[in-house]
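The values are calculated or read from the model by the stated rules, or taken from the named source; none is laboratory data. Values in this document were obtained by computation on a predicted structure and should not be read as measured data. We place every Cβ from the backbone using ideal geometry, glycine too, and count neighbours over all the protein chains shown. Heavy atoms of the whole protein, side chains included, go into the accessibility calculation; ligands, DNA and RNA do not. Shrake-Rupley method; radii C 1.70, N 1.55, O 1.52, S 1.80 Å.
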Amino acid sequence: MSKTQIEERIALLYLALQYCSERTKTFTAGERICINQERFQWMHILDDESASPRPVPSNIENKIKEVSRLALHHNFKPYYADPFKEEILIY
């Protein structure tokens, strides 16, 4: 993945987590952990390209896609900005 694609993936995962927190409880605690693990692994890959991705299982990926569709449909904007966005922009 390119740096831009990685940053877009990180943003999508953050959006899914925020939608779950602010609108509809979609993910279980364990699923949220998996999503956060993928997010942080992508951040790590931005620093070290030799690191391997840690994608979420397909059932969670399907939920992420559905939440993304709902967020777009409802023009959802998270109340809190992604706290790691500035860190990503620094690199």
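Note on P(r) over Cα pairs in 5 Å bins from 0, in percent: of the candidates (1) 3, 14, 26, 25, 19, 11, 3, 0; (2) 3, 13, 17, 15, 11, 10, 9, 7, 5, 4, 3, 2, 1, 1, 0; (3) 3, 13, 18, 17, 16, 12, 8, 5, 3, 2, 1, 0, 0, the value calculated from this structure sits at (1). Here is how the number arises for the chain: DSSP H runs of 4 or more residues each give -39500 (n - 2.57), the sum is divided by the residue count, and the result at 222 nm is -22000 deg cm²/dmol.
Surface composition of the chain: carbon plus sulfur atoms contribute 55% of the solvent-accessible area (1.4 Å probe, protein chains only, all chains present). Length available on full extension from residue 5 to residue 75: 0.36 nm per residue minus the Cα-Cα distance, which gives 23.0 nm.
Average accessible surface for the chain: 65 Å² per residue, computed with a 1.4 Å probe over protein heavy atoms with every protein chain in place.
Hey, if you put +1 on the Cβ of every Lys and Arg and -1 on every Asp and Glu Cβ in the chain, which of 1, 73, 50 ends up farthest toward the positive end of that dipole? Going by the Cα projections, it comes out as 73.
Restricting region 7-46 to GluC sites (Glu not before Pro) that sit in a DSSP loop and have at most 11 other Cβ atoms within 10 Å of their own Cβ leaves nothing.
The heavy atoms of residue 77 present about 140 square angstrom of accessible area, all protein chains included, probe 1.4 Å.
For residue 50, the solvent-accessible surface computed with a 1.4 Å probe is close to 100 Å², ligands and nucleic acids excluded.
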